[in-house]
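Structure first, commentary second.
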Amino acid sequence: SESDLEEMFTLAVSVAKEAGQIIRDAFDKEKEVDTKLSAADLVTESDQAVEKIVNTRIMEKFPTHRFIGEETTSESGEKHELTDDPTWIIDPIDGTTNFVNRIQEVSFSLGIMVNKKTVIGVVYAPIKDEMFTARLGKGAYLNGMKLQASKITDLKQAVIITEGGSSRDAKEVEDKVKNIHALITHTRGIRAYGSAAVNLCHVAAGRGQGYVEYGIHIWDFIAGALIAKEAGAVVLDPTGCDLDPLRRRILCACSPEVAKGLSQILTHLDMGCD
Ligand code: LIP
């Protein structure tokens with residue numbers, strides 16, 4: 001119901017602030033870094049600390065809800081099944097490589113799905129103190145100010161965000177380089193901020209016209225995707241089909257025209273399923 005959603009939203013914003021405090025406190029300190037699937041796939045004590053506290057807060061208040069967290073998943077290696085139950089999907093630190101290098105584009109990302117639809121998205125970038133929020137059908141906000149994506153329709157005038165990602169598989173890297181070649185050729189410029197959640201929020205805020213990435217996970221983009229959509233952007237599978245939240249790839253653009261243009265110039269990597 002509407003009042004349940006209101007309570008979930010209030011808790012989501014409050015845990016985002018708590019997570020942000022932990023991230024800010026650790027930001028300038030030396031970090032204990034571990035690698036996961038590749039030497040470019042990092043985890044720190046702060047990722048784990050944030051995930052643990054957030055999980056505790058959610059379970060205290062909503063014990064029947066489901067929880068999908070990046071670090072819990074990495075430890076167990078389990079596959080996800082999205083059910084109709086309310087599900088809190090979190091990335092404790094999106095942009096861990098930035099965090100380790102004291103680059104400011106780090107965020108806490110939290111999306112809530114009900115009946116497999118994202119109803120709440122919260123992305124908090126604590127170093128810049130930017131709180132992005134969205135509720136399905138109710139717009140997207142940055143620190144309380146309503147967001148509107150760019151109105152550009154011509155791909156030639158678009159600034160597009162993309163990432164190299166953390167896989168070092170030769171074929172994957174080769175296809176990504178092809179895409180970077182295509183993007184440089186057809187757009188005004190490319191950018192890479194190092195956090196999927198932040199990238200989507202940049203598009204929501206009109207800071208660039210699009211974002212595309214292959215190889216990310218549901219916790220990286222589920223919250224940012226709702227924020228971008230509610231700011232008027234389009235969010236799709238890179239082929240132009242509906243986004244499948246478990247298929248590990250995303251295309252976001254400020255307009256349908258830019259989305260179509262991007263989809264046509266890209267090589268679509270098959271990333272399997274989360
Ligand atoms: C990161 C993503 C980013 C991607 C990185 C990494 P993490 O998430 O947000 O878009 O390019 O490889 O997956 O691991 O910092 O939460």
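The values are calculated or read from the model by the stated rules, or taken from the named source; none is laboratory data. Since the structure is predicted, the reported quantities are computational estimates derived from the model, not experimental observations. In this analysis, Cβ positions are derived from the backbone assuming ideal geometry, glycine residues included, and neighbour counts consider all displayed protein chains. Side chains are part of the model used for accessible areas, which takes the heavy atoms of the whole protein and leaves out ligands, DNA and RNA. Shrake-Rupley method; radii C 1.70, N 1.55, O 1.52, S 1.80 Å.
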Among ILE112, ILE103, the single one that is under 20 Å from the mean Cα position of the chain (by Cα) and either surrounded by 19 or more Cβ atoms within 10 Å (Cβ to Cβ) or not assigned by TED's automatic domain parsing to the domain that holds GLY137 (or both) is ILE112
Members of region 149-171 that are open to solvent by 40 Å² or more (accessible area, probe 1.4 Å) and more than 10 Å from the ligand (Cβ to nearest atom) = LYS151, ILE152, THR153, ASP154, LYS156, GLN157, ARG168, ASP169, ALA170, LYS171
Inspect region 225-247 for any residue being within 12 Å of the ligand (Cβ to nearest atom), touching a strand residue (DSSP E or B) at 6+ places or on another chain (Cβ under 8 Å) and either under 24 Å from ASP47 (Cβ atoms) or assigned to a helix (DSSP H, G or I) (or both) and give the result as yes or no.
-> no
From the list SER38, SER46, which one is of a type outside the set (D, E, K, R), at pLDDT 95 or above and more than 19 Å from GLY111 (Cα to Cα)?
-> SER46
Taking region 208-234 and keeping only residues that are surrounded by fewer than 24 Cβ atoms within 10 Å (Cβ to Cβ) and either free of Cβ contacts under 8 Å to residues at least 40 places away in the same chain or in contact with a Phe, Trp or Tyr (Cβ under 6 Å, 6 or more places away or on another chain) (or both), one is left with VAL234
State whether the residues of region 60-72 include one that is touching a residue at least 40 places away in the same chain (Cβ under 8 Å), surrounded by fewer than 21 Cβ atoms within 10 Å (Cβ to Cβ) and more than 16 Å from the ligand (Cβ to nearest atom).
-> yes
Go through (1) more than 14 Å from the ligand (Cβ to nearest atom); (2) open to solvent by 10 Å² or more (accessible area, probe 1.4 Å) and name the single condition LEU183 misses.
-> (2)
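Per-residue answers, yes or no, for (1) more than 21 Å from ILE90 (Cβ to Cβ); (2) of a type in the set (A, V, I, L, M, F, W, C); (3) more than 14 Å from the chain's Cα centre (by Cα); (4) not in a strand (DSSP E or B):
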| position | (1), (2), (3), (4) |
| --- | --- |
| TYR124 | no, no, no, no |
| ILE127 | no, yes, yes, yes |
| ALA134 | no, yes, no, no |
| ALA149 | yes, yes, yes, yes |
| ILE161 | yes, yes, no, no |
| LYS178 | yes, no, yes, yes |
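Yes/no per residue for (1) basic (Lys, Arg); (2) closer than 22 Å to ALA134 by Cα; (3) part of a strand (DSSP E or B); (4) more than 19 Å from the chain's Cα centre (by Cα):
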| site | (1), (2), (3), (4) |
| --- | --- |
| ILE22 | no, no, no, yes |
| VAL43 | no, no, yes, no |
| SER46 | no, no, no, no |
| VAL50 | no, yes, no, no |
| GLU60 | no, no, no, yes |
